[in-house]
Amino acid sequence: MDMINRLRGKVVVSVQAMPPEPLYAEKCMTAMMQSVVKGGAGGLRVAGTRDVKIAKKLFDLPVIGLTKPDVIPSNWQEIVYITPTQDEVVELIEAGADIIALDGTMRKRPNNAKLDDLIKYIKINKRVAMADISTLEEGQNAEKLGANILSTTLSGYTQFSQNRGEGPDFDLLKQLVENTNLPVVLEGRIWEPEEVDKAFELGAHCVVIGSAITRPQLITKRFVQRSK
């Protein structure tokens, strides 16, 4: 598919902020998108219909859209909260997202929604279905259900993958590349350019970077903690 091909070998930037954060304001998110695109981002991953519409209006780049609750629940490791039901999928499609990212784990979804139904709906509407997963088994299941592309987004963020470590999950990337036939995206805890190089050496289709570029509070915290 064209959108998947356009992402090959690219650095995609996740431009996201939660409503309580200063950068969530529309003008701030717009400026952040413009900045990372000027820096060479090959695609954008954004949350919510507002930011999908901004990205599609301003740029001729693949836009990965997802939804999240305004406040992440305290039991976030145990529940599905990234694009959980068809309602959210419909919103993202109507907003113009090229790629719909959704929780691709095998956990129970709200309102008895089924992952295979969501994937089918995305594809019927001629969009790309990106399954965010945390284990090889989840990736293989998402492939079987028809997902177009896999992402390691949820590695370390589910009850099945609690060992986050300090860096990207290269082991999961390698497992997915070797044991599935889908393009695989490395996302999560990427802080160094060398990690991007390693991801492509291991066969990543593209790399998604978020906090290291677009979360100044986390960037600052990282420096402050190292100085103590």
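With a ≥ b ≥ c taken as the square roots of the eigenvalues of the C-alpha gyration tensor of the stretch 168-228, please select rounded if a/c is under 1.5 and otherwise prolate if a/b is larger than b/c or oblate if it is not?
prolate
Between Lys10 and residues 5 or more places away or on another chain, which pairs have amide H atoms under 5 Å apart, with H built 1.01 Å from N, and which residues are they?
Excluding prolines and chain starts, which carry no amide H, the hits are Val207.
What trypsin sites (Lys or Arg not before Pro) does the stretch 1-43 have in DSSP loop regions with at most 15 other beta carbons within 10 Å?
For trypsin sites (Lys or Arg not before Pro) across the stretch 1-43 that sit outside H, G, I, E and B with at most 15 neighbouring Cβ atoms in 10 Å, the list reads Arg8.
Note down the magnitude of the dipole of the chain about its Cα centre, charges +1 on Lys and Arg C-beta and -1 on Asp and Glu C-beta and zero elsewhere, to the nearest 20 debye.
Around 500 debye, computed over the chain.
Given points 7 Å out from each Cα along the Cα-Cβ axis, report the Asp2 to Lys108 separation in nanometres with one decimal.
With each label placed 7 Å out from Cα toward Cβ, I get 4.2 nm.
What is the sum of charges, Lys and Arg at +1 and Asp and Glu at -1, for the other residues whose Cβ falls under 14 Å from the Cβ of Asn181?
With Lys, Arg at +1 and Asp, Glu at -1, the net is -1.
Roughly how many whole Å is it from the C-alpha centroid of the stretch 143-203 to that of the stretch 1-64?
Here the two parts' Cα centres lie 20 Å apart.
Compute the accessible area per residue over the chain, keeping the other protein chains in place, probe 1.4 Å, unit Å².
Here the residues of the chain average 49 Å² of exposed surface.
Let me check I've understood the local charge: for Lys57, count other residues with C-beta under 15 angstrom from its C-beta, Lys and Arg +1, Asp and Glu -1. What total comes out?
Summing Lys/Arg as +1 and Asp/Glu as -1 gives -1.
Give me a comma-separated list of calculated 3J(HN,Hα) values for the stretch 55-63, in order, Karplus coefficients 6.51, -1.76, 1.60 applied at θ = phi - 60°, integers in Hz, x for any Gly or Pro.
Running phi through 6.51 cos²θ - 1.76 cosθ + 1.60 with θ = phi - 60° gives 4, 5, 6, 8, 10, 9, 9, x, 10 Hz.
Return the label of the correct value of percent of Cα pairs over 34 Å apart, as calculated from the structure shown, out of (i) 17; (ii) 7; (iii) 12.
From the options (i) 17; (ii) 7; (iii) 12, the structure gives (ii).
Take the alpha carbon gyration tensor of the stretch 67-121, find the square roots of its eigenvalues, order them as a ≥ b ≥ c, and report rounded if a/c is under 1.5; if not, report prolate when a/b exceeds b/c, else oblate.
Taking the square roots of the gyration eigenvalues as a ≥ b ≥ c, the stretch 67-121 is oblate.
Could you work out the relative contact order of the chain? I mean the mean sequence separation of Cα pairs under 8 Å and 6+ apart, divided by the number of residues, in percent.
Reported relative contact order: 18 percent.
Of the peptides 219-225, 13-19, how do they stack up when ordered by the mean number of other Cβ atoms within 10 Å, highest first?
Listed from highest to lowest mean packing, they are 13-19, 219-225.
If amide hydrogens are placed 1.01 Å from N in the peptide plane, which non-local residues have theirs closer than 5 Å to the one on Arg45?
Val13, Ser14, Val15, Ile64
Label 7 Å along Cα→Cβ of Gln77; the stretch 160-199 residues with amide nitrogen under 15 Å?
Zone members listed by number: 160-166.
The values are calculated or read from the model by the stated rules, or taken from the named source; none is laboratory data. Note that this is a predicted model, so its numbers are computed, not measured. Positions of Cβ are generated from backbone atoms using ideal geometry, with glycine treated the same way; all protein chains shown enter the neighbour counts. Ligands, DNA and RNA are excluded from the accessible area calculation, which covers all protein heavy atoms including side chains. Shrake-Rupley method; radii C 1.70, N 1.55, O 1.52, S 1.80 Å.
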